[in-house]
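Some notes on the structure that comes next.
The values are calculated or read from the model by the stated rules, or taken from the named source; none is laboratory data. Keep in mind the model is a prediction, meaning the values are calculated, not measured. Methodologically, a virtual Cβ is constructed for each residue, glycine included, from the backbone with ideal geometry; neighbour enumeration extends over all protein chains shown. The protein model used for the area step is the full one, side chains on, heavy atoms only, and it has no ligands, DNA or RNA in it. Shrake-Rupley method; radii C 1.70, N 1.55, O 1.52, S 1.80 Å.
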Amino acid sequence: MSSSPTRREKIHLDGRTLEGGGQLVRIALALSTITGQPITIDHIRGNRTGKKGLKASHLAAIKYLADVSGSAVSGAEVGSSSLTYHPLPDAETCVRQKQEINIRLPTAGAISLVFQALYPYILHTASCLADEEPEPQPVRVSITGGTNVSLSPSYDYISQVLVPNFARVGLPSLAVHLEQRGWATGPFSLGKVTFVIHPMDRNEESPYGFPRVDLDRYPRGEITQVDITVLAPDTLLVGGSDQHKVRKKGNSQIPDDTSQPITIRQVIEYETMRMLRARLRRIPSSIVKRARADSPSARSYENEEIVPISLHTSERTHHRSHIYILIVAHTSNGFKLGRDALFGAHGEDSHRKSGGRKGRPTDDRSIALELVERCVDDFVHELYDPGLQSTSEKRQPCVDEYMRDQLVIFEALGKSTSKCEADGKEKEDERYYSLHTQTARWVCEQMLDVEW
């Protein structure tokens with residue numbers, strides 16, 4: 001087994017750096033627990049509008065990591081702007097991890113963000129124990145909180161995009177199971193998700209045993225298929241002159257007779273497909289892998305679609321504010337690209353309550369159509385951003401903007417001691433990097449001395 005690098009003095013991080021949100025805290029906690037390096041973070045979430053400091057989801061991750069590693073913590077309370085986290089100086093590199101972990105948030109805080117903080121450490125300890133056990137068992141982590149929460153990956157994004165992309169870059173098998181949905185808008189409801197984490201094979205060339213994650217190996221593939229997920233209520237919308245006449249097409253059907261009532265969910269299904277078909281026709285042909293003209297698939301959708309568009313999930317919800325849309329593109333090199341839209345993430349609820357001030361729509365149908373348009377626009381922008389096209393030798397990342405920052409910590413932990421890993425490879429164009437990705441790279445640089 002390779003030994004971990006020598007521990008260093010306490011590292012001070014300014015929580016206002018770059019994106020200045022909770023991601024900085026989560027990555028720093030994970031790395032501190034893995035490496036044994038003590039940290040102090042000041043001005044936590046200092047760039048956030050409204051309430052700053054630690055949230056309940058941060059505290060859940062802090063408590064678990066501190067308990068399992070024996071770390072000393074000060075400043076661990078809701079609203080705290082400063083945190084000191086100090087792993088025991090003589091702690092073992094690996095501690096015996098429980099096979100069943102249960103974490104319960106008091107609010108519908110994002111389950112995905114708690115998982116983000118715990119996952120690297122659980123992988124690390126599970127891989128150490130795998131050397132000692134003939135048949136290492138997976139670790140089951142059940143987290144109660146929110147499954148569809150603004151400013152965080154949804155359960156649907158995790159299952160359809162993050163999990164397959166993790167596997168594609170060489171991380172070990174990860175399964176995710178939805179027990180119940182939890183929403184941060186509307187009536188209070190807590191959800192539950194269970195993650196089944198399999199041990200990783202240790203990479204002896206990496207100081208911490210993580211597999212090498214080298215995204216420079218993968219170009220951005222062509223789009224071969226598009227999946228749509230719709231979560232919305234079956235609230236009826238009365239037909240009439242404001243209803244457009246539509247055709248029965250694909251997986252989504254709305255009656256031709258517009259005097260018949262239709263539901264919010266049906267409108268979202270149909271409009272998402274309709275807008276996607278129109279918008280995908282406008283992007284360069286090099287981005288979408290079109291079927292051969294003489295193939296059956298081409299003949300079946302040549303008048304409507306340039307790639308197959310399918311309804312992956314259509315799920316009834318039980319409140320007008322529980323609306324969520326996810327669009328996922330499959331690429332020719334095995335990656336998934338996703339973009340989504342969630343009711344409440346852009347203030348729809350407050351505008352509805354205030355009677356529509358500031359010119360925002362307040363009726364159910366208009367709000368649904370606005371969410372569809374936003375989701376489709378963001379998705380197409382992810383596929384093709386004319387403002388970033390250039391003759392540069394660098395290229396667009398193989399994953400979407402939000403997936404890219406999730407991979408940074410694994411890139412850093414899987415780096416070998418060799419300094420020539422990327423020689424001669426086509427580099428990613430950093431203009432595509434979000435502030436989250438830049439922040440994640442900055443934290444890894446401070447704590448691991450990695451070179452990108």
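Within region 94-146, the set of residues being under 20 Å from the mean Cα position of the chain (by Cα) and modelled with pLDDT under 90 is empty.
Would you call Ala184 hydrophobic (A, V, I, L, M, F, W, C) and closer than 26 Å to Trp452 by Cβ? Criteria not met by Ala184. Note on region 191-201: residues that are open to solvent by 30 Å² or more (accessible area, probe 1.4 Å) and over 16 Å from Val139 (Cα atoms) amount to 1. Cβ-Cβ contacts under 7 Å between residues 6 or more apart (or on different chains), taken from a first residue in region 279-300 that is modelled with pLDDT of 90 or more to a second residue that is assigned to a helix (DSSP H, G or I) and crowded, with 16+ Cβ neighbours inside 10 Å, are listed as Arg279/Val376; Arg279/Val380; Ile283/Val380; Ile283/Leu383; Ile287/Leu383.
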